[in-house]
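One structure is given below, encoded as structure tokens.
The values are calculated or read from the model by the stated rules, or taken from the named source; none is laboratory data. Bear in mind the structure is a predicted one, so any value in this text is a computation, not a measurement. Backbone-built Cβ (ideal geometry, glycine too); neighbour counts: all protein chains shown. When the accessible area is computed, the model is the full protein with side chains, heavy atoms only, and any ligands, DNA or RNA have been set aside. Shrake-Rupley method; radii C 1.70, N 1.55, O 1.52, S 1.80 Å.
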Amino acid sequence: MLGPLLAAFLGGLGAVAAEVVFTRKLALLFGVTAPAAGTVVAVTMAGMALGSAFGGRLADRLGAKAGRVYVGGELLVGVWALMWPWLFGIADGWTVSVPSEWSLVACALATLVLVGPWAVAGGATFPALSRLVGREGEVRRLYAVNALGAAVGAVTAGLWLPDLIGLNATLRIAGACSALAGLSLIARAAGRIEVAELAPQLTLRQAAAAYGVIGGLGMGAEIGFTRLLQQAGPNPGGLAFALALGTYLVGLCIGGLALQPRLEKLGERGALGFAALLGAVSLGLAVAVLPLIPPEMLVGHAVGPSPGNVLIFEVTGLQVAADRLAIYLFGVLGPGIAAGGGFPIAAAAVAREQRRRVESLGAGVGLAGATGITAAVVVSLWMGFLPALGTIRTLAVMVVGALVCSALLTRRKTVGGLAIVSLALFAVPPWSGLQIPDDETVELFIETAAGPSAVAHGPRESSVYTHGERVAGMRLDLTIPMILHPEPKDVLQIAFGTGVNVAVMMDDAGVESLTCVDIDSALPTLAEQLPQVGRPLFDEEKATFINQDGRHLLRSSDRQYDLIYSDVATYAQYVQLGTVEFFELARSRLKPGGIFTVKVHLDTLTAEGMWRFLATFQEVFPEAALFAGRTPHLTLVGFTADPPTLEQMERRAAESVIVAPDAANKTPAMVLLGPAALAALDWPVSTDDHPLPFRTALVGPLTDEAVAESCSRALHDAVKANPGAGERFFGWQAGPTDWKPAPLEPVGPRTSWF
């Protein structure tokens, strides 16, 4: 049995590690959007369901040669993963050539071709392995070990390996694991099937439907708490998904090893009924306590030093307090344990009812797996593309449904009463995951596929809570991009934020066309509730809002702009949009003499991340410069022509209505590092395959140590030591509770900035 267990572990590890990489790579076709992840997950699960159903039947037909299905499936999975980067390159070139109105359809078709065959082959492996072992009592062990390997694959490929060796190298390791799993059993013969004697209590449809509810509940918990974990702080979706998926898979392992032997004693009806009860109660408790978790201190793009925050960040790269993380993972683990314990029971019931013959073990495992996976596909699409009720209330619906299922199976009135009591979960505020302080009142809450967002009015100011951060409606650093281009008529702003920048830019009479792109369609509506905006922004003819990812918009359209201003929040600016490929794409969409500007968040980047980001930027924009504005954020500018002189900058500042009246007198002090200074940087550049690590793009919890390691002090030292620096740099000193400007000493007089 050791050989099949090792094969199950390696097969699970390789398959899930590859899936995690597929998701990150395919997001580049769509742009970094919710439809990308939803499509990848749906195609993967649909393919696995198809492979599971037919692979099990084929294994039964082959009998003693059932091992061929397993070996062939694992080898195909491994070879496909090894070939995948080459296939992806072909698909990438094709999707770019498709007209923009068909780009999403093209990306979906590319995903189907790139992931579908791999998923079908992977889905066939576990039923075939179960038939190859030939003993129903060992299915739970195979299932548990397979889930354990998958958990290891999810965590390593999601949290660590890509940062160390890159995405393609991670994919090669995943493919090698799958191939080794197949090769390890290439000479193994089938054993005799021994079906456990369970009292026949459920029909095939009843068993399949019951496990569909249990499996769907588990997947709903995983996706739901992935979304909530992203809101606990400025947390990358890739890290949140990997941790939630790994936790769910650990639950499957625990359920298969520890829970299933106890459930078996209850008979089929009682076992599946108790599994549904366990999953529902676990998820229901996690949802019920959400309003009781104290909110963390959100400061811009960072969270406060809550207990355990620093340790969690160092291990996972996520910014979240220990109590909140424990509750979130409990809400995922419980349904995972229930699904792991219920699967062997459901497989046995389906196997018995499938053909009433002992040779139906492969079909039973395959059909039971296909049912659970099909339910997961439905839940993935529902939760991924936007639950109409919102994440929290959708989870409440699943809890009630699972309790009703348990009541029907166990025929206990107490469980039915618990289902009625669980209706109280609908009273949990849908914005509970946004960590809005008690002294603020929620005026408007909207949840889209991009996540939940809200406007809250507090005793001091109004704020928008979105994407795991609190954003006040202050005017930022539009001064710099608007004085560096002589006539910015056509402007693209990537990311809406609070809408303050959009509103101010629209007031510039020289701007003839303003396009704003953001993945969250709710933000313009929320902005109307802010006193700083207070009006519809896209009713004017010259302003357009596009609900897309910025990268996808640039890929799908060849429109040219005078100015592209990127103000994407937190890590996405430096990871997904901080690569040579994206900067080359942005440059190709600029008119002659156009400029590309990026807002750099000092409260986000580490010093290492800053240097690598600047080096990557100048790889594409050799004529680049870094400016200091009137906020703790810097502006990085890439020119496609000769940079303006100081005199030209001052004249533009005096003519523009968008900048402060005294900006012309302050322009020399805005310059930090010019092209000559940036050219001296000697850091590796970031690419789509090897992007900036999440932990480098995130400073981490707002502690004195984290601030000391941020890029602020490193920039100040560079300004002092480098002759390409400006006259002075306004640094920022941060404590645990507040941010204060601290003017630093002048570097020295100068007359030319580059």
Long-range HN-HN contacts of Ser686 with modeled amide H, under 5 Å: Val580, Thr616
Heavy-atom accessible area with a 1.4 angstrom probe orders Lys489, Lys65, Lys542, most exposed first, as Lys65, Lys489, Lys542
Backbone HN-Hα couplings from phi across the stretch 517-528 [Karplus 6.51/-1.76/1.60, Hz, Gly and Pro as x]: 10, 7, 6, 9, 6, 7, 4, x, 5, 5, 4, 5
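Which order do Trp84, Trp611, Trp160 take by accessible area at a 1.4 Å probe, largest first? Mind showing how you got there, number by number?
Details: Trp84 0, Trp611 35, Trp160 100 Å².
Ranking Trp84, Trp611, Trp160 by accessible area, largest first, yields Trp160, Trp611, Trp84.
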When ligands, DNA and RNA are left out and all protein chains stay put, how many square angstrom of accessible area per residue does the stretch 222-356 have with a 1.4 Å probe? 29 Å²
Of Ser556, Thr448, Pro486, farthest towards positive along the dipole that unit charges on Lys, Arg, Asp, Glu beta carbons give the stretch 446-590: Thr448
With 31 Å as the limit, write out which pairs from Lys25/Lys65; Lys25/Lys599; Lys25/Lys542 have Cα-Cα distances beyond it, or answer none. Lys25/Lys65; Lys25/Lys542
What's the extension gain from Gln529 to Thr645 if we count 0.36 nm per residue and subtract their Cα-Cα distance? 37.7 nm
So what does Glu608 come to for accessible area, using a 1.4 Å probe and Å² rounded to 10? 100 Å²
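Determine how many Å³ per residue the convex hull of the Cα atoms of the stretch 486-567 encloses.
85 Å³
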Can you sort Ser130, Ser184 by 1.4 Å-probe accessible area, starting with the largest? Ser184, Ser130
Taking the stretch 101-159, the whole-percent share of alpha-carbon pairs separated by over 19 angstrom is 54 percent
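What size of dipole, in debye to the nearest 20, comes out for the stretch 498-582 about its Cα centre when the only charges are +1 on Lys and Arg C-beta atoms and -1 on Asp and Glu C-beta atoms?
220 debye
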Determine, for each peptide in 532-541, 279-288, 256-265, the mean count of other beta carbons within 10 angstrom over its residues, then list the peptides with the highest first. 279-288, 256-265, 532-541
Compactness of the stretch 523-640, expressed as Rg and Dmax over alpha-carbon positions, Å: 15.3, 43
Sequence-distant or interchain residues sharing an amide H contact under 5 Å with Lys591, placed H: which? Tyr561, Asp562
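Let's see if you can work this out: charge +1 on each Lys and Arg Cβ, -1 on each Asp and Glu Cβ, no other charges. What is the dipole magnitude of the stretch 490-544 about its Cα centre, in debye to the nearest 20? List each step's numbers first, then the result.
Details: 2 positive and 10 negative charges, 34 e Å.
In total the dipole reaches around 160 debye.
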Could you pull out which residues in the stretch 500-531 have an amide N less than 20 Å from a spot 7 Å beyond the Cα of His457, following the Cα-Cβ vector? 500, 523-531
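Measure off, as a whole percent, the carbon and sulfur share of the 1.4 Å-probe accessible area of the stretch 233-281, all protein chains present. Please report the intermediate quantities before stating the final value.
Values: 1000 of 1390 Å².
It is 72 percent, rounded to a whole number.
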